[in-house]
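The structure appears right after this line, and notes come after that.
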Amino acid sequence: MSIFGEHAILTAMLAPALLMAATGSLLISANTRLARVVDRLRALIKEWKDDAPDREQRDRQIRRHRIRAHLVLRTCQMLYLALGAFVGTSLGLAADTLFNFKLGMVPTALAVIGVLCLLVASTLMWREVSLAVTSFDDELDQELARRRN
């Protein structure tokens, strides 16, 4: 293989590397969100154990935060799958070169799987953020009602 062919392969391997970096950033964000949801759930459970007068509202918040935690978990799973697919894409491109381009659509298929996983993760995170805002609105309404009394 000529030096130009090697540069073409290295250039092709950059796209999955950039997607890996972006996916890693999203994973950091999702893991931070998961930690915050878990912390909030623990606080709600403590209040729940103390048998707060607004128990029905706390129960609703706990259910909503549980759903949020599961959404973030599924988001992380999708992002890890995407990361694996992008690593596989990069390795597939290198292996395809070594085997004289006999892998066919394998690297492309892995890239498509990675991008689809990112799409699913984005959708899940959109749902989780929507629930977070709904929870915040409920908590704010609840606090405003307490202050009025």
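Things worth noting here:
- You will find that of 129, 115, the residue that is within 18 Å of residue 65 (Cα to Cα) and modelled with pLDDT of 85 or more is 129 and no other.
- Long-range neighbours under 7 Å by Cβ, at least six apart or interchain, first residue in contact (Cβ under 8 Å) with a residue 60 or more places away in the chain and surrounded by 17 or more Cβ atoms within 10 Å (Cβ to Cβ) within region 16-37, second aromatic (Phe, Trp, Tyr) and assigned to a helix (DSSP H, G or I): 16/86; 19/86; 20/86; 23/86
- A single entry from 120, 106, 115, 87 fulfils the requirement of being over 23 Å from residue 27 (Cα atoms) and not aromatic (Phe, Trp, Tyr): 106.
- Residue check for residue 85: out of contact with any Phe, Trp or Tyr (no Cβ under 8 Å at 6 or more places or on another chain) and within 16 Å of residue 22 (Cβ to Cβ): yes
- Scope region 5-64; condition at pLDDT 80 or above, among the aliphatic types (A, V, I, L, M) and more than 30 Å from residue 143 (Cβ to Cβ); matching residues: 14, 15, 17, 18, 19, 20, 21, 22, 26, 27, 28
- Among residues of region 117-138, those that are touching a residue at least 12 places away in the same chain (Cβ under 8 Å) and among the hydrophobic types (A, V, I, L, M, F, W, C), counted: 8
- Residue 78 in a helix (DSSP H, G or I) and touching a Cys at 6+ places or on another chain (Cβ under 6 Å): yes
- Condition met for residue 97 (of a type in the set (S, T, N, Q), within 23 Å of residue 19 (Cβ to Cβ) and in contact (Cβ under 8 Å) with a residue 60 or more places away in the chain): yes
- Residue, farthest from residue 127 (Cα to Cα), within region 89-108, restricted to residues that are assigned to a helix (DSSP H, G or I) and either modelled with pLDDT of 95 or more or polar (S, T, N, Q) (or both): 97
The values are calculated or read from the model by the stated rules, or taken from the named source; none is laboratory data. These figures come from a predicted structure and were not determined experimentally. Positions of Cβ are backbone-derived with ideal geometry, glycine not excepted, and every protein chain shown enters the neighbour counts.
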